[in-house]
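Note sheet for the following structure.
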Amino acid sequence: MLMLAQTPLEDSVAQFAADVRAGLEKPKQKELPSKYLYDAVGSALFEVIGLLPEYGLTRAGSRILRHHAEQIVRPLRTPVLVAELGSGSAKNTRWILEALGRRQLTTYHPIDISGAALVQAERELDRLDSVSIVGFEREYLDGLREVAARRAAGQGLLVLFLGGTIGNFDRPAADQFLRQVRELLLPGDHLLLSTDLEKPEKDLLVAYDDPAGVTAAFNLNLLARINRELGADFDLDRFEHVVCYDRAERRIEMHLCSTVRQSVRISRADLGVTFQAGETIWTESSHKYAAQEIPRIAARTGYRCLSQWYDREWPFAQNLLLAE
Ligand code: AVI
């Protein structure tokens, strides 16, 4: 059964408006937080991105979980509670929950800011008899705090942060986030962390700018969402999806480029913005890692990296970290 703990709608609209205002008022590079890419439309488009031949990340993560779920759950103590940060539709989580379900009845807490994604997660997992689902429509850390408060004495916690989403944080912010997660864990808990690994630039460019234009639609939907929810008048025909790879930072960047000089009004953010022709809004970074750096990141953020599993087709790693 899916129980949803929700954030009041007005709070999230006010926060969205405040974040849009802060990002578009930046004096140099305009920015929008990538978490807002995932409304119902964005989440659906992201599901399609996962099917694109050019974007191997989702399938790589899935292959590793499918082949190694038993090994991954072996070191976990039972009973264990499972929380997933940014569950999305939870397609890949099935393998872990099935492996755990062979040992125990499992409570699974998907945490996602998209209520639609939580409903989909429940649909995806509804035939797993040994799993009960209690979802939280929350930001990652708020949701995890709630899960931590509900755990029973002696119950272990496995936190899943799958799909390479850690790459969407800047590197210092990723360290800080891992430390914040660690603060909500007890020694002996585990974090299963997915990381997309470095690969040739040409493969990354086409993965994030696919010929069918799905990623472009995913990116542009952010402006459509601002129109829908904040009463803005962005003309989507006057913006273009643009990607670039920053070699020094080892990240793919997605931008929305204004093709002309134009002004946009965002009424619920009480904001007017002018764009020069060629000016961009930076909407997402996707950092790529070297497999060897994960144990070092783990050590400096309060964990020990117990094991890593790699995919052969698409460089990608699932990393099992122990909270120390
Ligand atoms: C969710 N995240 C790991 C994806 C990525 O690859 O960084 C988001 C994405 N953006 C464009 N395509 C996929």
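Here are some notes:
- Modelled spin labels at L236 and D270, positioned 7 Å past Cα toward Cβ, are 2.9 nm from each other.
- Farthest toward positive dipole pole in the chain [+1 Lys/Arg, -1 Asp/Glu at C-beta], among Y140, V82, V214: V82
- Semi-axis lengths, Å, the chain, gyration tensor of Cα atoms, sqrt of 5 times eigenvalues: 34, 22, 18
- Farthest toward the positive end of the dipole of the range 38-107, out of Q71, L45, T58, is the Cα of Q71, where the dipole comes from beta carbon charges about the Cα centre.
- For the range 103-210, the set of trypsin sites (Lys or Arg not before Pro) satisfying both a DSSP loop assignment and a count of at most 16 other C-beta atoms within 10 Å is given as R103, R127.
- Computed [θ] at 222 nm, deg cm²/dmol, the chain (DSSP H ≥ 4; -39,500 (n - 2.57); rounded to nearest 500): -11500 deg cm²/dmol
- Placing +1 on the Cβ of every Lys and Arg and -1 on the Cβ of every Asp and Glu, with no other charges, gives the range 194-324 a dipole of roughly 320 debye about its Cα centre.
- Rounded accessible area per residue of the chain, 1.4 Å, Å²: 44 Å²
- Given their separation in residues at 0.36 nm each and the Cα-Cα distance between them, L105 and Q15 gain 28.7 nm when the chain is fully extended.
- Net +/- balance of residues flanking P33 in space, Cβ distance below 15 Å, scoring K and R +1, D and E -1: -4
- Sequence-ordered 3J(HN,Hα) estimates for the range 316-324 from the Karplus curve with 6.51, -1.76 and 1.60 and θ = phi - 60° stand at 7, 9, 9, 10, 9, 10, 9, 6, 9 Hz, glycine and proline given as x.
- Charge context of P53, other residues only, Cβ under 14 angstrom, K/R +1, D/E -1: -4
- Hull volume in cubic angstrom per residue (convex hull over the Cα atoms of the range 1-155): 139 Å³
- Charge context of E98, other residues only, Cβ under 11 angstrom, K/R +1, D/E -1: +3
- The HN-Hα couplings worked out from phi for the range 105-110 by the Karplus form 6.51 cos²θ - 1.76 cosθ + 1.60 (θ = phi - 60°) are 7, 10, 9, 10, 10, x Hz, whole numbers, x standing for Gly and Pro.
- Stokes-Einstein diffusion of the range 219-324 at 10 °C, 1.306 mPa s viscosity, Kirkwood radius from Cα pairs, rounded to a whole number: 94 µm²/s.
- For E284, the residues whose amide H sits under 5 Å from its own are M254, ignoring neighbours fewer than 5 places away on the same chain, with H placed 1.01 Å from N.
- Pairs of C-alpha atoms in the range 87-176 farther apart than 14 Å represent 67 percent of all such pairs.
- Cα centroid separation, the range 171-198 to the range 49-94: 16 Å.
- Principal axis dimensions, the range 40-120 - Cα atoms, whole angstrom, descending: 37, 27, 15
- When the Cα convex hull of the range 99-243 is projected onto planes of every orientation, the mean area is 12.0 nm².
- Listed values for the range 142-155 are Karplus-derived 3J(HN,Hα) couplings in whole Hz (6.51 cos²θ - 1.76 cosθ + 1.60, θ = phi - 60°), namely 4, x, 5, 4, 5, 4, 4, 5, 8, 6, 8, 4, x, 8, and x replaces Gly and Pro.
The values are calculated or read from the model by the stated rules, or taken from the named source; none is laboratory data. Just so we're clear, the structure is a prediction, and the values are computed from it rather than from any experiment. Reconstructed Cβ throughout: ideal geometry from the backbone, glycine too, with neighbour counts over all protein chains shown. Surface accessibility is based on the protein's heavy atoms, side chains included, excluding ligands, DNA and RNA. Shrake-Rupley method; radii C 1.70, N 1.55, O 1.52, S 1.80 Å.
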